[in-house]
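Shown next, in structure tokens, is the structure this report addresses.
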Amino acid sequence: MTAQIIDGKAFAATVRRQVADQVARLKSDHGITPGLAVVLVGEDPASQVYVRSKGKMTVEVGMNSYEHKLDADTSEADLLALIDRLNADPAVHGILVQLPLPGHLDEALVINAIDPAKDVDGFHISNVGLLATGQKAMVPCTPLGCLMMLRDHLGSLSGLDAVVVGRSNIVGKPMAQLLLRDSCTVTIAHSRTRDIQEVTRRADIVIAAVGRPEMITGDWIRPGATVIDVGINRIDAPEKGEGKTRLVGDCQFDSCAEVAGAITPVPGGVGPMTIACLLANTLTACCRANGLKEPEGLTA
Ligand code: NDP
């Protein structure tokens, strides 16, 4: 293996420490404690795990955590009424509605009911538009985490060729916008892209956000390129015993690491950065709400 490993776990811990320092300063200098409200509808096991770990880390950095757990059959009107109350609550600076929502709820309607200034997931249509037009937005957490790791590893991204594989609204598209904002030459590849390996092989930066286990192999990567693997896929791992599974990314780690200059592992790469960036976004939202200077290095 030749590639340097970009340790997302360690970097996320650093980001959380920076957030905690700023939270302590907000409390001591201004008597303000940032607050994050997380809304979970239903009992999806994976969502429950995410919500629990978000709540735990929110408290660990000194913020207030407000968890709202609603029954799976909660009506849209009741959910929207809760969002209205959170929008109006000055102690709540960030609101996150855990996705996916049960099928009878209109996700777009619910997300767009959140006050854009409190939309710490950055999914509100106003934030999408602000990001696309290069204005001050709340930026989706996963692409923000990728950007922070890239800046930390490469310094200036200006002029670099970046290929984002995947065009989803939550990862691929906002990632491409952020890279463009940092003056990369950006290509977005997807399931209809022709000669996709040729496209990725031209890139200084490859972001894999596909959701297909180990699809991208070393021969897709230009020697020395930086590879950010967003994918989280659970696959069977018979070598660990019957019925066992393991997590892999969208990149085949060993072959990509032979060629790349640097690569994020799965697990321990982008994943931990996503929650760290949620906390960073909540801090940013709190500073903006109170007319205070935004935290340096923790925003796009
Ligand atoms: P989506 O399923 O919404 O989007 C996947 C994208 O990949 C689509 O744009 C699709 O193209 C493209 N794609 C699918 N197959 C191919 C292919 N064979 N070749 C090229 N492109 C292809 O996924 P998400 O963006 O939500 O997530 C992507 C991955 O990132 C998943 O593994 C997910 O678990 C992970 N993830 C990780 C997070 C983290 O915190 N680390 C957070 C969010 C997601 P098309 O549009 O043409 O169908």
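The values are calculated or read from the model by the stated rules, or taken from the named source; none is laboratory data. On a predicted model such as this, the values are computed, not experimentally measured, just so you know. All Cβ positions, glycine included, derive from the backbone under ideal geometry; neighbour counts span all protein chains shown. For the accessible areas, the whole protein counts, side chains as well, though only heavy atoms, and no ligand, DNA or RNA atoms are used. Shrake-Rupley method; radii C 1.70, N 1.55, O 1.52, S 1.80 Å.
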Filtered residues of segment 117-128 (kept if outside any helix (DSSP H, G or I) and either under 14 Å from Leu80 (Cα atoms) or open to solvent by 20 Å² or more (accessible area, probe 1.4 Å) (or both)):
Asp121, Phe123
Checklist (1) at pLDDT 95 or above; (2) in a loop (DSSP other than H, G, I, E, B); (3) away from the ligand (no atom under 15 Å from the Cβ) applied to Leu131, failing item:
(2)
Sole exception among (1) farther than 30 Å from Ile95 by Cβ; (2) under 22 Å from the mean Cα position of the chain (by Cα) for Glu296, by number:
(1)
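Check Ile114, Ile207, Ile170 and return the single one that is assigned to a loop (DSSP other than H, G, I, E, B) and buried (at least 24 other Cβ atoms within 10 Å of the Cβ).
The unique qualifying residue is Ile114.
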Helices (runs of 4 or more DSSP H) wholly in segment 1-89 with at least 1 residues that are polar (S, T, N, Q), open to solvent by 50 Å² or more (accessible area, probe 1.4 Å) and closer than 30 Å to Ile263 by Cβ - which ones?
8-30
Within the set of pairs 6 or more residues apart or between chains, which connect a residue that is away from the ligand (no atom under 11 Å from the Cβ) inside segment 243-254 to a residue that is of a type in the set (Ser, Thr, Tyr) with Cβ atoms less than 7 Å apart?
Gln252/Thr217
Per the filter on segment 100-111, residues touching a residue at least 12 places away in the same chain (Cβ under 8 Å), assigned to a loop (DSSP other than H, G, I, E, B) and open to solvent by 40 Å² or more (accessible area, probe 1.4 Å) are Pro100, His104, Asp106
Long-range neighbours under 7 Å by Cβ, at least six apart or interchain, first residue within 14 Å of Ala208 (Cβ to Cβ) and part of a loop (DSSP other than H, G, I, E, B) within segment 258-284, second of a type in the set (Ser, Thr, Tyr) and open to solvent by less than 10 Å² (accessible area, probe 1.4 Å):
Ala260/Thr226
Evaluate the following for Ala176: is it under 17 Å from the mean Cα position of the chain (by Cα), open to solvent by less than 40 Å² (accessible area, probe 1.4 Å) and at negative phi?
yes
Determine the pairs where a residue that is farther than 9 Å from Val227 by Cβ and free of Cβ contacts under 8 Å to residues at least 24 places away in the same chain, located within segment 199-214, has a partner that is in a loop (DSSP other than H, G, I, E, B) and more than 10 Å from the ligand (Cβ to nearest atom) with Cβ atoms under 9 Å apart, the partner being 6 or more residues away or on another chain.
Arg201/Ile221; Arg201/Arg222; Arg201/Ala225
Would you check if there is a residue in segment 147-155 being buried (at least 19 other Cβ atoms within 10 Å of the Cβ) and closer than 17 Å to Thr282 by Cα?
yes
What are the residue pairs meeting all of these: first residue in segment 136-158, first residue closer than 13 Å to Leu298 by Cα, second residue modelled with pLDDT under 95, Cβ atoms under 7 Å, and 6 or more apart or on different chains?
Val139/Ala300; Leu144/Ala300; Leu147/Ala300
